[in-house]
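All remarks here apply to the structure that follows.
What follows draws every value from the coordinates through simple rules; no lab data is involved. No experiment lies behind these values; they were computed from the predicted model shown. For neighbour counting, all protein chains shown are included, and Cβ atoms are generated from backbone atoms with ideal geometry for every residue, glycine included.
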Amino acid sequence: MTQSTNKSGGPMSRGYLVAGNWKMNGSSASNAALVEGLLRGIAECPAIDVLVCPPALYLDAVRRHIGAAPIAVGGQNLSDEREPGAYTGELHASMLNDVGCSHVLVGHSERRTLYGENDACVARKFVVAQAGGLIPVLCIGETLAEREADQTEIVLKRQLDAVIAAAGIGAFINAVVAYEPVWAIGTGRTASVEQAQAAHAFIRGVLAANDAKIANSVRLLYGGSVKADNAASLFSCEDVDGGLIGGASLKAPEFLAICASAQILAASLDA
Ligand code: PEP
């Protein structure tokens with residue numbers, strides 16, 4: 001993946017990344033149609049990085065279909081076991097790597113709330129992802145109750161600190177962080193530009209307290225009901241380096257329109 005655009009304004013440049021989380025959706029036929037649609041438009045977005053995360057069963061087919069086009073493929077989840085072995089139903093990081101994944105989502109709120117993944121489990125997954133040659137996309141975010149109780153920063157810091165303690169701040173050189181307020185995921189309710197920027201600046205600050213240079217280089221994605229009509233304003237925030245897109249990543253025109261918003265901003269930063 002390229003990092004051609006200097007979002008940070010400093011020597012360690014961050015480029016935009018737009019990632020699609022297909023969740024548990026699709027079929028061989030619908031995935032093929034979706035990839036065809038993406039392939040038709042991706043050449044219009046040369047200044048950004050694009051990633052899609054299909055269900056695990058389809059990773060290999062999607063990767064092959066994409067071929068040499070500039071769309072990276074990532075997993076949505078992985079085992080927290082360090083070594084492959086007798087873990088029925090699980091996927092080791094090396095297997096994702098083997099079928100051409102470059103990234104993997106770690107700690108998505110649906111994994112945390114529906115499958116009981118706690119901070120320690122998420123931290124283990126982050127570590128084994130990197131050990132297996134993958135770039136973890138660490139998802140963090142507060143629930144509505146936590147936001148209303150003024151706990152947002154406490155939750156974000158706790159979720160980040162668990163990973164920093166397990167992996168070390170140096171590990172963030174090869175990681176992406178996605179801020180996904182749980183109340184905005186799949187609800188149609190998006191964080192305001194001010195809320196997104198404040199949370200992203202806070203996250204970068206927590207990383208900077210450990211290493212300012214690394215903090216400045218980490219790509220921070222916003223996720224939560226991003227659509228073609230709100231992407232540009234969210235992505236123009238100083239500390240927002242792209243998006244993690246759920247529902248709107250399932251339709252090629254909508255996802256490409258979101259990518260185009262990042263492309264326009266990236267091209268203006270390059271100019
Ligand atoms: C997500 O699942 O990561 C997500 C952000 O979903 P949506 O865009 O549908 O809110």
Worksheet item: How many residues are touching a residue at least 40 places away in the same chain (Cβ under 8 Å) and not β-branched (Val, Ile, Thr) when one looks only at region 192-214?
Response: 9
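For region 246-258, name all the residues that are under 17 Å from the mean Cα position of the chain (by Cα) and within 14 Å of the ligand (Cβ to nearest atom).
Filtering region 246-258 for residues under 17 Å from the mean Cα position of the chain (by Cα) gives 246-250, 255-256, 258.
Scanning region 246-258 gives 246, 247, 248, 249, 250, 255, 258.
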Worksheet entry | Top-ranked residue in region 126-167 [being charged (D, E, K, R) and farther than 14 Å from residue 199 by Cα; ranked as nearest to the ligand (Cβ to nearest atom)] | 148
Worksheet, complete the sentence: Among the residues of region 168-181, the number that are within 16 Å of the ligand (Cβ to nearest atom) and either surrounded by fewer than 22 Cβ atoms within 10 Å (Cβ to Cβ) or without any contact (Cβ under 8 Å) to a residue 60 or more places away in the chain (or both) is 3
Worksheet entry | Selected residue (criterion: nearest to the ligand (Cβ to nearest atom)) from residues of region 226-245 that are surrounded by fewer than 22 Cβ atoms within 10 Å (Cβ to Cβ) and either free of Cβ contacts under 8 Å to residues at least 40 places away in the same chain or of a type in the set (Gly, Ala, Ser) (or both) | 227
Worksheet item: If only one of 69, 86 is more than 16 Å from the ligand (Cβ to nearest atom), under 23 Å from residue 259 (Cα atoms) and either among the hydroxyl-bearing types (Ser, Thr, Tyr) or in a loop (DSSP other than H, G, I, E, B) (or both), which one is it?
Response: 69
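Output the helices (runs of 4 or more DSSP H) that fall wholly within region 91-168 and possess 2 or more residues being touching a helix residue (DSSP H, G or I) at 6+ places or on another chain (Cβ under 6 Å), or say none. Let's see the steps before the verdict.
Details: elements: 93-98, 109-114, 119-131, 144-148, 152-167.
Ranges flagged: 119-131, 144-148, 152-167.
Can you name every residue in region 89-113 that is over 15 Å from the mean Cα position of the chain (by Cα) and within 16 Å of the ligand (Cβ to nearest atom)? Show your work before the answer.
Here is the first cut: in region 89-113, the ones over 15 Å from the mean Cα position of the chain (by Cα) are 89-100, 112-113.
Passing the criteria: 112, 113.
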